[in-house]
Amino acid sequence: MGSAIIFVVLILIVVLALRGSRKHFRGEGGCCGGGDDIKKSDIPVKKLSGEKLGEKTVSITGMRCEGCVLSVTKAINRIEGASADVSLKKKRAIVSYDREISDEDIRAAVERAGYKVNGISG
């Protein structure tokens with residue numbers, strides 16, 4: 001009888017863990033400091049001080065929630081002359097710039113925030 005109770009409790013724990021993991025990997029959980037509390041409107045929009053010269057597309061791995069989007073956006077927006085529009089669904093950032101910005105500066109900013117850059121084009 002005791003073994004049956006332990007078995008049921010273990011099954012319940014596994015089911016709850018799998019359910020939470022599935023939400024986490026779909027970007028629905030609060031994995032990085034409260035993804036459930038952050039809305040798209042909370043993500044800062046940075047206006048460039050000069051005329052936009054171009055855009056670069058940055059492919060990013062490791063983003064799981066809107067908290068991750070916020071972290072990447074802030075990291076790129078700290079670069080002088082750069083403004084980021086980050087998409088969790090597409091796992092990328094579109095970086096607009098009003099002066100020449102090296103790919104390495106963008107890569108370093110994203111990686112300092114804790115994410116991996118797979119490539120930069122544009």
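The values are calculated or read from the model by the stated rules, or taken from the named source; none is laboratory data. Note that the structure is predicted; figures quoted are calculated from it, not measured. For neighbour counting, all protein chains shown are included, and Cβ atoms are generated from backbone atoms with ideal geometry for every residue, glycine included. The accessibility values were calculated without ligands, DNA or RNA, using every heavy atom of the protein model including side chains. Shrake-Rupley method; radii C 1.70, N 1.55, O 1.52, S 1.80 Å.
Quick notes
- Filtered residue count, region 108-122, keeping only those that are closer than 29 Å to Ser21 by Cβ and open to solvent by 50 Å² or more (accessible area, probe 1.4 Å): 5
- Subset of region 70-107 (residues that are among the hydroxyl-bearing types (Ser, Thr, Tyr) and exposed (fewer than 15 other Cβ atoms within 10 Å of the Cβ)): Ser87, Ser102
- Number of residues in region 91-122 that are in a strand (DSSP E or B) and among the hydroxyl-bearing types (Ser, Thr, Tyr): the value is 3.
- Any chance Gly67 is outside any loop (DSSP other than H, G, I, E, B), farther than 16 Å from Asp103 by Cβ and open to solvent by less than 80 Å² (accessible area, probe 1.4 Å): yes
- Inside region 8-63, residues that are at pLDDT 90 or above, of a type in the set (A, V, I, L, M, F, W, C) and open to solvent by less than 60 Å² (accessible area, probe 1.4 Å) make up a count of 3.
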